[in-house]
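Written out below as structure tokens is the structure these notes cover.
Nothing in this text is a laboratory measurement; each read-out follows from the coordinates by a stated rule. Keep in mind the model is a prediction, meaning the values are calculated, not measured. Counting neighbours? That spans all protein chains shown, and the Cβs are built from the backbone with ideal geometry, glycine included.
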Amino acid sequence: MSAASARPTVSEREARQVAEAAREQEWRKPSFAKELFLGRFRLDLIHPHPTPSTEQVQRGEEFLAKLRDFVETKVDGALIEREARIPDEVITGLKELGALGMKIDPKYGGLGLTQVYYNKALALVGSASPAIGVLLSAHQSIGVPQPLKLFGTPEQKERFLPRCARTDISAFLLTEPDVGSDPARLATTAVPDGDSYVLDGVKLWTTNGVVADLLVVMARVPKSEGHKGGITAFVVEAGSEGITVENRNSFMGLRGIENGVTRFHQVRVPAENRVGPEGAGLKIALTTLNTGRLSLPASCVAAGKWCLKIAREWSAAREQWGRPVARHESVGAKISFIAATTFALEAVMELSSQMADEDRNDIRIEGALAKLFASEMSWTMADELIQIRGGRGFETAQSLAARGERGVPAEQLLRDLRINRIFEGSTEIMHLLIAREAVDAHLSVAGDLIDPDKALGDKARAGMKAGGFYARWLPKLVAGPGQIPGTYAAFHPAGHPDLAAHLRYVERGARKLARSTFYAMSRWQGRMETKQGFLGRVVDIGAELFAMSAACVRAEMLRNRGENGREAYQLADAFCRHSRIRVEELFGRLWTNTDAIDRKVVDGVLGGAYTWLESGIVDPSSDGPWIADTTPGASAKENVHRPIR
């Protein structure tokens with residue numbers, strides 16, 4: 001098989017098998033979210049709220065103080081937005097500060113911050129310039145440091161981590177022009193040749209790729225004698241012969257990010273740079289993302305905090321009909337939503353991050369839920385801020401300042417946040433990923449029953465296994481602590497809102513969600529995987545229940561510490577009331593929805609039945625293919641790779 005082989009042709013079933021083989025199969029540690037989807041509200045797994053050690057806090061706070069001084073004195077977010085580039089001197093300053101090595105162990109020259117303080121740092125720097133937040137998180141959350149931390153050899157860590165901690169920027173290269181969330185069709189190849197591999201292919205949307213010194217590249221190794229083959233991870237020197245950064249991409253938001261198109265042509269990579277065994281690349285990527293996704297909620301929390309600050313200041317200053325706009329109920333409701341949701345997002349982020357630091361729990365679902373929930377809710381908060389600001393929300397900060405008003409970049413925030421619903425797994429993909437994990441217990445006992453390829457004997461054995469599981473499990477979904485008044489009484493201290501009632505609702509909601517999922521599996525069986533609308537709502541309900549739990553636990557922690565406990569209880573109460581309304585709507589839409597008619601309309605659209613509806617317009621799009629040609633070969637374009645030294 002040569003590097004110029006055609007892109008793999010795979011069926012839908014084969015693509016699912018590749019994804020299934022890459023996911024972590026075992027649950028070796030408890031998972032609060034997994035239990036929640038099974039109808040078991042394990043409050044003991046998150047309460048009392050886990051906390052960092054004194055040494056971790058001291059180290060983190062010391063770095064945050066230095067970082068705050070740097071971003072306040074050296075970072076001009078408006079300049080980065082105007083010029084669509086982070087100044088080299090800013091990146092150099094971040095390197096000198098040690099920001100490239102926030103998550104790298106001190107023995108390799110890093111700062112060794114916890115996930116909690118890493119996220120606090122990303123939130124701080126991202127509030128000054130989201131592009132800088134992306135550069136740092138792409139480098140450390142999914143770039144070279146994290147895969148090597150989890151899967152690298154001692155020699156690889158010694159070679160690469162000191163560089164990543166202080167001088168070298170890294171990037172993660174998985175996506176291709178015709179491959180997004182379907183890695184089974186990966187076309188970039190790594191052909192064994194002696195003690196090396198030869199890489200050929202094209203990678204798209206390589207965040208940091210334009211300025212990177214080191215790359216993590218996912219490529220397909222062909223199966224051959226002595227080679228297992230499969231998708232494999234490599235650390236590649238970005239300046240290697242045969243690598244061309246063919247384009248620096250530009251976007252509606254995050255204008256300062258260094259994101260490009262990278263072509264590999266006969267790039268020789270030493271076998272010692274392979275991370276893990278052949279065929280383990282996709283598993284490495286997915287495992288890296290389990291905690292890597294936790295960096296994205298940090299930017300969302302920062303956005304919520306800024307939305308709240310601007311909404312508070314503006315709504316008190318702006319008057320309509322004789323009083324501040326904040327005193328009008330329609331605007332006040334938006335401010336309440338922003339405040340309560342920001343509190344909940346910070347609760348979700350800090351709880352998930354601290355759980356990652358403690359490493360007592362399996363947080364693959366919690367991390368995914370945090371990413372999903374934060375990206376969706378922060379977008380809504382930013383949209384509400386635009387509405388509160390009115391016409392000024394639609395106006396650019398530069399235009400506002402030019403005519404003598406405060407230059408508030410609300411419209412920029414909306415543009416910058418939009419990618420979060422796509423980054424590191426789109427909302428739709430996150431729904432499917434989380435749903436797969438949520439029903440794992442069911443598939444482990446009853447999967448053969450609904451698998452059309454299984455023999456009758458296999459189905460019979462699965463039936464017996466499933467019968468035993470459900471005989472024990474189903475009766476526990478009928479009643480629980482959520483139906484007993486006074487349960488979780490510690491969350492209703494005197495003089496505070498009653499958060500215990502919300503936790504009882506979560507417990508009841510978890511059992512109802514589990515019953516609904518079981519009924520759906522019984523009804524649709526093997527067709528369950530096609531019911532993406534239903535699965536998405538199941539996941540969204542789970543996300544709301546998780547966020548409610550996190551908000552209540554955080555409020556109680558703050559009360560015990562004497563840190564704005566009463567106000568935290570008020571915010572948690574408001575959020576839970578908002579959330580319960582959304583949950584009830586989602587439960588209703590599990591069974592009363594437009595999924596069937598939507599499928600019919602889609603058939604009509606794709607079949608050309610409604611093309612008459614598109615008349616009366618002109619299409620301003622330029623000519624060209626929908627997907628660029630990625631035939632392997634030498635590059636004919638200028639190399640725009642720009643390492644920063």
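Mind checking which aspartates and glutamates have their C-alpha under 17 Å from Lys228, skipping anything on the same chain fewer than 8 residues away?
Cα-Cα hits under 17 Å: Asp193, Asp195, Glu272, Glu278.
Mind pulling the per residue volume of the convex hull built on the Cα atoms of the stretch 323-481? Å³ is fine.
On the way: hull volume 31.8 nm³, N = 159.
Convex hull volume per residue, Cα atoms: 200 Å³.
Enumerate the lysines that Lys95 could reach by cross-link, defined here as Cα to Cα under 16 Å, with residues fewer than 8 away along the same chain left out.
In chain and number order, the partners are Lys66, Lys74, Lys103.
Would the stretch 417-526 count as rounded, prolate or oblate if I go by the C-alpha gyration tensor, calling it rounded below 1.5 in a/c and otherwise prolate when a/b exceeds b/c, oblate otherwise?
Values: a/c = 3.99, a/b = 1.43, b/c = 2.80.
Verdict is oblate for the stretch 417-526.
Which value, in debye to the nearest 20, describes the size of the charge dipole of the stretch 570-637 about its Cα centre when Lys and Arg Cβ atoms bear +1, Asp and Glu Cβ atoms bear -1, and nothing else is charged? Numbers along the way, then the final one.
Numbers: 7 positive and 10 negative charges, 66 e Å.
I would put it at about 320 debye.
Which of the peptides 461-471, 183-193 is most tightly packed, and how do the rest follow, judged by the mean count of other Cβ atoms within 10 Å per residue? Provide the component values of the computation, followed by the final result.
Working: 461-471: 13.9, 183-193: 21.0.
Top of the packing list down: 183-193, 461-471.
Using every Cα-Cα pair within the stretch 217-270, state what percent have a distance larger than 13 Å. Write out the running numbers ahead of the final one.
Details: 997 of 1431 pairs.
Distances greater than 13 Å cover 70 percent of the Cα pairs.
For the chain, give me the percentage of DSSP beta bridges that are antiparallel, rounded to the nearest 5 percent. Each step should come with its number before you reach the end.
Details: 33 of 38 bridges.
Of all bridge pairs located within the chain, approximately 85 percent are antiparallel.
Assuming a ≥ b ≥ c are the square roots of the Cα gyration tensor eigenvalues, decide whether the stretch 487-645 counts as rounded (a/c under 1.5), prolate (otherwise, with a/b larger than b/c) or oblate.
Values: a/c = 2.68, a/b = 1.57, b/c = 1.71.
The shape class here is oblate.
Once you wrap a convex hull around the alpha carbon atoms of the stretch 70-109, what is its projected area averaged over all directions, in nm²? Walk me through the numbers before you get to the answer.
Values: hull surface 12.9 nm².
It is 3.2 nm².
When you count, for each residue, the other Cβ atoms within 10 Å and take the mean per peptide, how do 353-364, 335-346, 524-535 rank with the highest first?
Working: 353-364: 20.2, 335-346: 24.0, 524-535: 15.4.
Packing order, densest peptide first, comes out as 335-346, 353-364, 524-535.
Could you work out Rg/(2.2 N^0.38 Å) for the stretch 32-105, with Rg from alpha carbons only? Walk me through the numbers before you get to the answer.
Values: Rg = 19.4 Å, N = 74, 2.2 N^0.38 = 11.3 Å.
Ratio of Rg to 2.2 N^0.38 Å for the stretch 32-105: 1.72.
For a 29 Å ceiling on Cα separation, which of these pairs sit above it: Lys223/Lys531; Lys29/Lys203; Lys29/Lys512; Lys157/Lys637?
Lys223/Lys531; Lys29/Lys203; Lys157/Lys637
From the convex hull of the Cα coordinates of the stretch 151-307, what is the mean projected area in square nanometres? List each step's numbers first, then the result.
Values: hull surface 41.3 nm².
About 10.3 nm², averaged over all directions.
The stretch 353-417 to the stretch 302-324: how many Å between their Cα centroids?
16 Å
What lysines sit close enough to Lys334 to cross-link, taking a C-alpha to C-alpha distance under 27 Å and skipping anything fewer than 8 places away on the same chain?
List returned: Lys120, Lys305, Lys309, Lys371.
Just round it to a whole percent: the fraction of Cα-Cα distances in the stretch 108-232 exceeding 22 Å. Walk me through the intermediate numbers first.
Values: 3421 of 7750 pairs.
Beyond 22 Å sits 44 percent of the P(r) for the stretch 108-232.
First measure r as the distance between the Cβ atoms of Asp458 and Gln56, then evaluate 1/(1 + (r/R0)^6) with R0 = 56 Å and state the FRET efficiency to the nearest 0.05.
FRET efficiency, Asp458 to Gln56: 0.65.
Per the Kirkwood definition applied to all pairs of different Cα atoms, how many angstroms is the hydrodynamic radius of the stretch 380-471? Walk me through the intermediate numbers first.
Details: mean 1/r = 0.0569 Å⁻¹.
Taking the inverse mean of 1/r over all distinct Cα pairs, the stretch 380-471 comes out at 17.6 Å.
If I take the Cα coordinates of the chain and project them onto the principal axes, what are the three extents in Å, biggest first?
76, 72, 65
Quick one: what do you get for the stretch 260-326 if you divide its Cα Rg by 2.2 N^0.38 Å? Display every interim value, and only then the final one.
Details: Rg = 24.3 Å, N = 67, 2.2 N^0.38 = 10.9 Å.
Compactness ratio reported: 2.24.
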